[in-house]
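> The structure follows.
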Amino acid sequence: MEILVTGGAGYIGSHAVKALAEAGYTPIVLDNLSQGHREFVRQGVFYQGELGDTVLLKKIFTQHDIEAVMHFAALALVGESVSEPAKYYENNVIQTFRLLREMVKHDVKNFIFSSTCAVYGIPEKIPIPEEHLRAPANPYGKTKLAVEHMLEDFSRAYNIKYVFLRYFNAAGADYRAGIGEDHFPETHLIPIVLDAAMGRRKKVNVFGTDYPTRDGTCIRDYIHVADLAQAHMLAAKYLKEDRESGAFNLGIGQGFSVREVIDIVEEVTGKKISISEAPRREGDPPVLIADSTRAINVLRWKPEYSSLEDIISSAWEWHKRKPGNVLK
Ligand SMILES: NC(=O)c1ccc[n+]([C@@H]2O[C@H](COP(=O)([O-])OP(=O)(O)OC[C@H]3O[C@@H](n4cnc5c(N)ncnc54)[C@H](O)[C@@H]3O)[C@@H](O)[C@H]2O)c1
């Protein structure tokens, strides 16, 4: 019961590693630590290296009996993907191609891919179903879609089975396990607002206050990272049962505006947050909300966290404990 987890030292991957170990699997983690944290990987076997390193992959696939690959490793900064697309295509597409080619060589059949709602681009329908047109609005989303296309072709030709898990906004933390969100640079709203609550940031920029939404700011669907990890366990089981390859959205199906998130952070932390209104960012859709019915009905996914207060509380507990963070 060995599962290769690429990017397992990262935010979401480390929560999956913990869930895998708790479910009796041995996680085999491959991470180059460009963003990840070695100390986040407390279970299984750790390899530091590039996901496209064919020599290392050969070693891993020979020494371990890998039942499935959970592929979290990617670069995921939207803005950077616009200014440095080459870096994104190389890391997210070319290196993933090498991983898939080694899987084919070593007859590893099951692939669970960390995809994203960014593959939909600016949605025409809310909540977004999986059949929605895939038209990503930035190079990051395009690299994710390229991998989805690659998998669809590899599946037809080489009999690889896949599950695309299209996450909406991951948030929260398993703070008791000492893991949580720690990106550098941080671009996600909740940790940025928590940084302001910690006194580590003077103001929070609110990008766009004239969107056609209830308070003019963008609306997003926040899903707890432990619920994402559970969805990976269910996807592994699903593929083991030899069920049909497919895509599943993962969100709670409810949207919160930027102002609402800030209000909830103020409530949870008891701190006042200063904001600065800034212009819209190009390519930011006004509303992104998941239709996760398929994951609920087919994977039997039961997200545990449905309240944003609880999600933010867990993120806050982690944020206060995060190495290097001191509450001011
Ligand atoms: N965080 C979100 O809200 C969100 C939403 C949708 C999709 N995703 C996707 O989920 C996955 C995980 O996201 P995250 O927030 O945990 O990011 P993260 O940066 O914390 O984790 C990614 C991990 O992959 C590693 N990595 C990157 N390139 C690598 C390479 N070439 N070889 C080996 N290791 C490499 C990094 O060191 C890092 O540990 C990513 O694929 C991301 O695109 C995240």
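> Run down the lysines and flag those whose C-alpha is under 18 Å from the C-alpha of Lys87, throwing out any fewer than 8 positions away in its chain.
Lys142, Lys144
> Taking the Cα centre of each part, how many Å lie between the stretch 232-307 and the stretch 146-202?
Each part reduced to its Cα centre gives a spacing of 11 Å.
> Rounded, prolate or oblate for the stretch 74-179? Axes are the square roots of the Cα gyration tensor eigenvalues, ordered a ≥ b ≥ c, and the cut-off for rounded is a/c under 1.5.
Numbers: a/c = 1.36, a/b = 1.24, b/c = 1.10.
Cα axes put the stretch 74-179 in the rounded bin.
> Sorted from largest down, what three extents in whole angstroms do the Cα atoms of the chain have along their principal axes?
Largest to smallest, the principal-axis extents are 55, 42, 39 Å.
> Explain nothing, just the number: relative contact order of the chain, from Cα pairs under 8 Å at least 6 residues apart, as a whole percent.
Contact order relative to length: 19 percent.
> Here's something else I'd like to know. How big is the Cα convex hull of the stretch 198-242 in projection, averaged over all directions, in nm²?
6.1
> Go through Leu75, Pro136, Thr213 and say which Cα lies farthest out towards the positive end of the charge dipole of the chain; charges sit on Cβ, +1 for Lys and Arg, -1 for Asp and Glu.
Leu75
> Further question: Quick one: which residues, 5 or more positions from Ile275 or on another chain, have an amide H under 5 Å from its amide H? H modelled 1.01 Å from N in the peptide plane, none for Pro or chain starts.
HN-HN under 5 Å from Ile275: Val204.
> Check which residues have an amide H placed less than 5 Å from Ile223's amide H, if you skip close sequence neighbours.
Here Asn169, Ala170, Ala171 satisfy the definition.
> Let me ask something else about it. Classify the stretch 203-292: rounded, prolate or oblate, from the alpha-carbon gyration tensor (a ≥ b ≥ c, eigenvalue square roots; a/c under 1.5 rounded; otherwise prolate if a/b is larger than b/c)?
Prolate is the answer for the stretch 203-292, as a/c is 1.5 or above and a/b outweighs b/c.
> Please list, in order, the residues from the stretch 8-23 whose amide nitrogen is less than 20 Å from a point placed 7 Å along the Cα→Cβ vector of Arg38.
The answer is 8-15, 17-18.
> In addition: Taking the Cα centre of the chain as origin and charging only Cβ (+1 Lys, Arg; -1 Asp, Glu), how large is the dipole, in debye to the nearest 20? Working shown, then result.
Values: 39 positive and 43 negative charges, 90 e Å.
Its charge dipole is roughly 440 debye.
> Would you work out if the stretch 170-328 is rounded, prolate or oblate? Take a ≥ b ≥ c from the square roots of the eigenvalues of the alpha-carbon gyration tensor; rounded if a/c is under 1.5, else prolate when a/b is larger than b/c, oblate otherwise.
Here the stretch 170-328 falls in the oblate category.
> Quickly work out the Lys302-to-Asp210 label distance, labels modelled 7 Å from Cα along the C-beta direction, and quote it in nm with one decimal.
It is 4.8 nm.
> Cross-link partners among lysines for Lys320, C-alpha distance below 20 Å, same-chain residues fewer than 8 apart left out?
Within the straight-line cut-off, Lys320 pairs with Lys202, Lys203, Lys271, Lys272, Lys328.
> Amide H neighbours of Ile179 under 5 Å, counting only residues 5+ apart in sequence or on other chains, H built in-plane at 1.01 Å?
Answer set, sorted by chain and number: Asp174.
Each value in this text was obtained by applying a stated rule to the coordinates, not by laboratory testing. Because the structure is a prediction, the values reported are computed rather than measured. Every residue, glycine among them, receives a Cβ derived from its backbone with ideal geometry; neighbour counts consider all protein chains shown.
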